[in-house]
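Working notes, beginning with the structure itself.
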Amino acid sequence: MNHVSPAPLDLGTLRTDLERYAQIVGTSYDGAFVDRLIAALRDVWKQAWVGVRTTTHAREERDVNLRVCYREPLHPVRLLRTAGLVSFTHHPLESLIDDVIERFPAFWGIDAPLSGTVDKVWMFFDGGVPLHQLRELPHLPRSLHAAQEHFDRNNLDRVGLLGLDFTRHTINVYAPIFPPGTLTPDRVTRMITDLGFVPPSRAEAKSSAHAFSFYQTFSLDSPDILRLCFPTRCTPEEVPTHYHPLLAHFVNQAPFATEQKAFLFYLAYGPQNRYFKLSSDYRANHHEMFATVR
């Protein structure tokens with residue numbers, strides 16, 4: 001696939017903008033860590049997708065994350081280990097990375113809170129991978145195997161993305177990308193309430209029906225699905241900023257590498273609460289990067 005070159009990326013401006021994001025969100029910023037991270041990823045910036053994400057959690061639980069996804073054949077864990085930015089502890093999720101890439105071709109992403117850690121590695125699959133083949137891999141959470149009825153009810157037989165969180169020891173399993181409007185508000189509500197999660201308002205269900213995917217969060221330490229989340233693409237005007245004051249603050253002040261401003265808005269549901277996430281599409285190349293993850 002021929003990928004359109006994204007907006008040019010000036011790394012000095014990126015550093016400045018990342019610090020500005022932390023100020024907008026009101027979270028800590030480790031400039032030395034950010035410099036080391038940018039240097040460690042020096043060979044992937046030319047075509048990379050870049051997002052900056054936060055949540056509507058309480059300030060003391062909130063962070064702002066740099067998200068970088070790329071198609072170069074460079075294993076991110078090796079890059080980050082060489083730079084001294086990660087030190088793994090032989091957790092089963094670490095072995096799962098090797099399990100996956102030995103079996104399936106993938107491209108990569110990392111997620112790093114600007115307070116000074118790298119907590120997630122993503123593996124994206126062009127065309128998706130069959131769920132039944134994925135479930136043959138060792139080191140998967142048992143809760144993922146136990147969720148087959150949920151997968152069947154929601155016609156999830158292929159996986160477009162795995163997100164491995166080494167801080168929380170969780171794994172996100174994403175449906176391949178589908179056209180917005182594939183879901184309906186009623187289906188979204190049923191998906192959430194079938195899991196016993198906090199039900200969405202009608203307005204939230206309508207927002208989630210514009211999602212281009214959905215994902216479930218599993219843990220090695222729990223038998224249940226922990227979270228169900230619906231990501232949507234939005235113009236600044238489409239972000240439902242009335243849901244939380246931070247959303248409006250973020251939309252109004254977020255810096256970009258291009259004049260074309262776009263966001264990814266996420267509605268996330270769990271057994272006791274729901275919250276929102278918002279990411280910038282910093283280089284306006286989200287669609288081009290992920291168009292084949294379907």
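GNM on the chain, C-alpha springs below 10 Å: top fluctuator among 143, 87, 219?
Sorting by GNM fluctuation, first place goes to 87.
Residue by residue through segment 192-205, which ³J(HN,Hα) values in whole Hz follow from phi under the Karplus form 6.51 cos²θ - 1.76 cosθ + 1.60 (θ = phi - 60°), with glycine and proline marked x?
6, 6, 4, 8, x, 7, 4, x, x, 5, 4, 5, 5, 4
By a straight-distance test (C-alpha under 14 Å), which aspartates and glutamates pair with residue 206 as possible cross-link partners, with residues fewer than eight away in the same chain excluded?
186, 238
Please work out whether segment 185-243 counts as rounded, prolate or oblate from its C-alpha gyration tensor, where a ≥ b ≥ c are the square roots of the eigenvalues and a/c under 1.5 means rounded, while otherwise a/b larger than b/c means prolate and anything else oblate?
prolate
To the nearest Å, what is the center-to-center distance of segment 139-153 and segment 224-238, using C-alpha atoms only?
21
Is segment 157-220 best put as rounded, prolate or oblate by its Cα gyration tensor, with a ≥ b ≥ c the root eigenvalues, rounded for a/c under 1.5, and otherwise prolate when a/b is larger than b/c, oblate when not?
Note, shape of segment 157-220 comes out oblate.
I need the shape label for segment 147-282. Rule: rounded when a/c is under 1.5, else prolate if a/b > b/c, else oblate, with a, b, c from the alpha carbon gyration tensor.
On the way: a/c = 1.66, a/b = 1.49, b/c = 1.11.
Note, shape of segment 147-282 comes out prolate.
Would you please give the FRET efficiency between residue 115 and residue 148, computed as 1/(1 + (r/R0)^6) with r the Cβ-Cβ distance and R0 = 22 Å, to the nearest 0.05?
Plugging the Cβ-Cβ distance into 1/(1 + (r/R0)^6) gives 0.05.
Give me the lysines in straight-line cross-link reach of residue 261: C-alpha distance below 19 Å, same-chain residues under 8 apart excluded.
The reachable lysines, counting only those whose Cα sits under 19 Å from residue 261, are 277.
Report ³J(HN,Hα) in whole Hz for each residue of segment 123-134, in order, from the Karplus equation J = 6.51 cos²θ - 1.76 cosθ + 1.60 where θ = phi - 60°; Gly and Pro get x.
Values per residue, Gly and Pro as x: 10, 9, 10, 4, x, x, 10, x, 4, 5, 6, 4 Hz.
Among (i) 19.9, 65; (ii) 23.4, 88; (iii) 18.1, 49, find the value of Rg and Dmax of the Cα atoms in Å that was calculated from the structure presented, and write down its label.
Recomputing Rg and Dmax of the Cα atoms in Å here picks out (iii).
Going by amide H atoms built from the backbone, whose H comes under 5 Å of the H on residue 86, apart from near neighbours?
Placed amide hydrogens put 81 under 5 Å from residue 86.
Report the calculated FRET efficiency for residue 28 and residue 249 (r = Cβ-Cβ distance, R0 = 22 Å), to the nearest 0.05.
Efficiency at R0 = 22 Å is approximately 0.80.
Report, in deg cm²/dmol and to the nearest 500, the calculated mean residue ellipticity at 222 nm for the chain, where each DSSP H run with n ≥ 4 adds -39500 (n - 2.57) and the sum is divided by the residue count. Can you show the working numbers first?
On the way: 11 runs with 89 residues, N = 294.
About -8000 deg cm²/dmol.
Considering amide H positions built from the backbone, and no H for Pro or chain starts, which residues 5 or more places from residue 227, or on another chain, come under 5 Å of its amide H?
For residue 227, the qualifying residues are 217.
Using the Kirkwood formula on the Cα atoms of segment 1-136, what hydrodynamic radius do you get, in angstrom to one decimal?
16.2
Provide the per residue accessible area, probe 1.4 Å, for the chain, rounded to a whole number of square angstrom. It would help to have the intermediate numbers written out before the result.
On the way: 12640 Å² over 294 residues.
Ligands and nucleic acids excluded, the figure is 43 Å² per residue.
Given a 1.4 Å probe and every protein chain left where it sits, what share in percent of the accessible area of segment 170-257 is carbon and sulfur?
The nonpolar share, carbon plus sulfur, comes to 55 percent.
From the backbone phi of segment 37-46, what are the Karplus-calculated ³J(HN,Hα) couplings (6.51 cos²θ - 1.76 cosθ + 1.60, θ = phi - 60°) in whole Hz, Gly and Pro given as x?
Per residue, the Karplus-derived 3J(HN,Hα) values read 5, 4, 5, 5, 9, 4, 8, 10, 5, 4 Hz.
Could you tell me which residue out of 97, 121, 86 lies farthest along the dipole of segment 79-131 toward its positive end? Charges go on the beta carbon: Lys and Arg +1, Asp and Glu -1, centred on the Cα centre.
The one lying farthest along the dipole's positive direction is 86.
The values are calculated or read from the model by the stated rules, or taken from the named source; none is laboratory data. This one's a predicted model, so the numbers in the text were calculated from it and none came from an experiment. We place every Cβ from the backbone using ideal geometry, glycine too, and count neighbours over all the protein chains shown. For accessibility, only protein heavy atoms count, side chains too; no ligands or nucleic acids. Shrake-Rupley method; radii C 1.70, N 1.55, O 1.52, S 1.80 Å.
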